[in-house]
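**Student:** Quick one: this structure, given as structure tokens, is what I'll be asking you about.
The values are calculated or read from the model by the stated rules, or taken from the named source; none is laboratory data. Quantities reported herein were computed from a predicted structural model and do not represent experimental measurements. Here the Cβ is made from the backbone with ideal geometry for all residues, glycine too, and neighbour counts use every protein chain on show.
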């Protein structure tokens, strides 16, 4: 997720914020919680932050919630030269779809 996506003129701010909120709301709650735990550990200079990051990634991979979104990403051409050039918004939209 890109935190700084663009400089937005005041006239387009409401639309940009709405799009960002929609994007953030589509994230899996468990993933957001995991990222928050890792960031908290890193900010506090916890020596175990990298171990925590690996453990969180492993837990997410074992849960398997990433499989269908990645299959949709690949089916939409996400790992092609064309898919890697320019905006990835359409690919992200495909990944967020539900079956």
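**Student:** Which of the helices (runs of 4 or more DSSP H) contained wholly in the stretch 49-99 include at least 3 residues that are touching a helix residue (DSSP H, G or I) at 6+ places or on another chain (Cβ under 9 Å) and surrounded by 11 or more Cβ atoms within 10 Å (Cβ to Cβ)?
**Tutor:** Details: elements: 49-63, 67-75, 81-84, 89-96.
So the answer is 49-63, 67-75, 89-96.
**Student:** Only one residue in 27, 7 is under 25 Å from residue 95 (Cα atoms) and either in the same structural domain as residue 91 (by TED's automatic domain parsing) or not in a helix (DSSP H, G or I) (or both). Which one?
**Tutor:** On the way: 7 fails: under 25 Å from residue 95 (Cα atoms).
Just one listed residue meets the conditions, 27.
**Student:** Determine, yes or no, whether residue 32 is surrounded by 10 or more Cβ atoms within 10 Å (Cβ to Cβ) and either within 22 Å of residue 6 (Cβ to Cβ) or free of Cβ contacts under 8 Å to residues at least 60 places away in the same chain (or both). Outline the logic, then answer.
**Tutor:** Details: surrounded by 10 or more Cβ atoms within 10 Å (Cβ to Cβ): yes; either within 22 Å of residue 6 (Cβ to Cβ) or free of Cβ contacts under 8 Å to residues at least 60 places away in the same chain (or both): yes.
For residue 32, the condition - surrounded by 10 or more Cβ atoms within 10 Å (Cβ to Cβ) and either within 22 Å of residue 6 (Cβ to Cβ) or free of Cβ contacts under 8 Å to residues at least 60 places away in the same chain (or both) - is met.
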